[in-house]
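Below is one structure, written out as structure tokens; the observations come after it.
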Amino acid sequence: MRFMRRAAAILARIGYFLSRYKFLFMPLDTLALALLLFFPFYIGWYGWRRSFQWSHGLGIVACLLLLPALAFVRTKRYTFFEPGDFQPSGEEKPLRAEEKISCRGTGYFEVSGMRRRFIEIPALFWTTELHDHIITGRVNVVQIPFLTSPIEERGMWYIFISPRDVLSVATGSLYFGLSCRPAIRLGYREPSGVESSAYLSFDSRESLIRLQQELTTRSKRLSESR
């Protein structure tokens, strides 16, 4: 089971990278699915014309395995979160207002009227003096020859969450590529009323626990004051 999760996380990172670029106006992850669907027929036809070899059969099997695997991680939006408890040691210091915690963010970020979903981008979390939560992430776009890159997304993006809109806080682990990081899944209600989720992963358990305590404490105080 752990091997399958790791394999899915690696494929998710590849798929997410491909989804960020386009070739002839087609996202590369969509193009990859189309090619994986086409190649078995082409390999079978080529093998029938040139005497079928074991390598042809291996190529067909590889495509037939990768096609549903890539489609699966795409339906999961390239995000794999496994719930799990992290017990505090009692030595964690509460977050101060405006104190920033480094993390990596996954979710719907906004800036200048644009809204995009990013995965595991470098981010900072903090709570303002007015108790609002802010997640700011930095997006870097590498330009690749012959591919269309989302250059307009380069820069800082934001998620703003009011404590009264926090719906759930769950701890666990976020798998992406070769990494497995302690993480928080934060369910919240957007200003439009739509329920959404943001994932924050950390380098240390201490950062996770401090942020979890901040989120749950703020929400509890708000509910008690109503």
Checked GLY15, GLY84, GLY57, GLY44 against criteria (small (Gly, Ala, Ser) and in the same structural domain as SER173 (by TED's automatic domain parsing)); the one match is GLY84
(message) Suppose the filter is in a strand (DSSP E or B), under 14 Å from the mean Cα position of the chain (by Cα) and touching a residue at least 60 places away in the same chain (Cβ under 8 Å); does THR106 pass it?
(response) yes
Only one of PRO122, PRO191, PRO182 is assigned to a loop (DSSP other than H, G, I, E, B) and not acidic (Asp, Glu), namely PRO191
The one condition GLU99 fails out of (1) out of contact with any Leu (no Cβ under 6 Å at 6 or more places or on another chain); (2) outside the structural domain of PHE125 (by TED's automatic domain parsing); (3) modelled with pLDDT of 90 or more; (4) not hydrophobic (A, V, I, L, M, F, W, C) is (2)
The condition from (1) more than 19 Å from TRP157 (Cα to Cα); (2) in contact (Cβ under 8 Å) with a residue 60 or more places away in the chain; (3) surrounded by 13 or more Cβ atoms within 10 Å (Cβ to Cβ) that LYS93 misses is numbered (3)
Across the range 5-59, the tally of residues that are of a type in the set (Ser, Thr, Tyr), more than 18 Å from ILE119 (Cβ to Cβ) and in a helix (DSSP H, G or I) stands at 3
Only one of PHE81, PHE72 is closer than 30 Å to LEU18 by Cβ and crowded, with 18+ Cβ neighbours inside 10 Å, namely PHE81
**Item:** Qualifying residue in the range 160-170 (condition: part of a loop (DSSP other than H, G, I, E, B), free of Cβ contacts under 8 Å to residues at least 60 places away in the same chain and within 21 Å of LEU95 (Cβ to Cβ))
**Value:** yes
**Prompt:** In this structure, is PRO182 more than 19 Å from ILE134 (Cα to Cα), out of contact with any Asp or Glu (no Cβ under 8 Å at 6 or more places or on another chain) and surrounded by 19 or more Cβ atoms within 10 Å (Cβ to Cβ)?
**Reply:** yes
Restricted to the range 125-141 and to residues being of a type in the set (Val, Ile, Thr) and in a strand (DSSP E or B), the residue modelled with the lowest pLDDT is THR127
Here the residues within the range 125-176 that are in contact with a Gly (Cβ under 9 Å, 6 or more places away or on another chain) and among the aromatic types (Phe, Trp, Tyr) are PHE125, TRP157, TYR158
Result of the Cβ filter at 6 Å on the range 21-41, keeping first residues that are of a type in the set (Asp, Glu) and partners that are assigned to a helix (DSSP H, G or I), at least 6 apart or interchain, is ASP29/GLY15; ASP29/LEU18; ASP29/SER19
Subset of the range 174-226, residues more than 22 Å from VAL73 (Cα to Cα), acidic (Asp, Glu) and modelled with pLDDT of 90 or more, comes to GLU190, ASP203, GLU206
When every residue in the range 112-159 that is among the charged types (D, E, K, R) and touching a residue at least 24 places away in the same chain (Cβ under 8 Å) is compared, the one nearest to THR79 (Cα to Cα) is GLU120
MET156 - would you say it is over 16 Å from the mean Cα position of the chain (by Cα) and farther than 29 Å from ARG96 by Cβ?
no
Residues of the range 101-118 being within 24 Å of ALA9 (Cα to Cα) and surrounded by fewer than 21 Cβ atoms within 10 Å (Cβ to Cβ), in sequence order, are SER102, TYR108, ARG116, ARG117, PHE118
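The values are calculated or read from the model by the stated rules, or taken from the named source; none is laboratory data. Since we're looking at a predicted model, the values are computed, not measured. Neighbour counts are summed over all protein chains in view; Cβ atoms, including those assigned to glycine, are modelled from backbone coordinates with ideal geometry.
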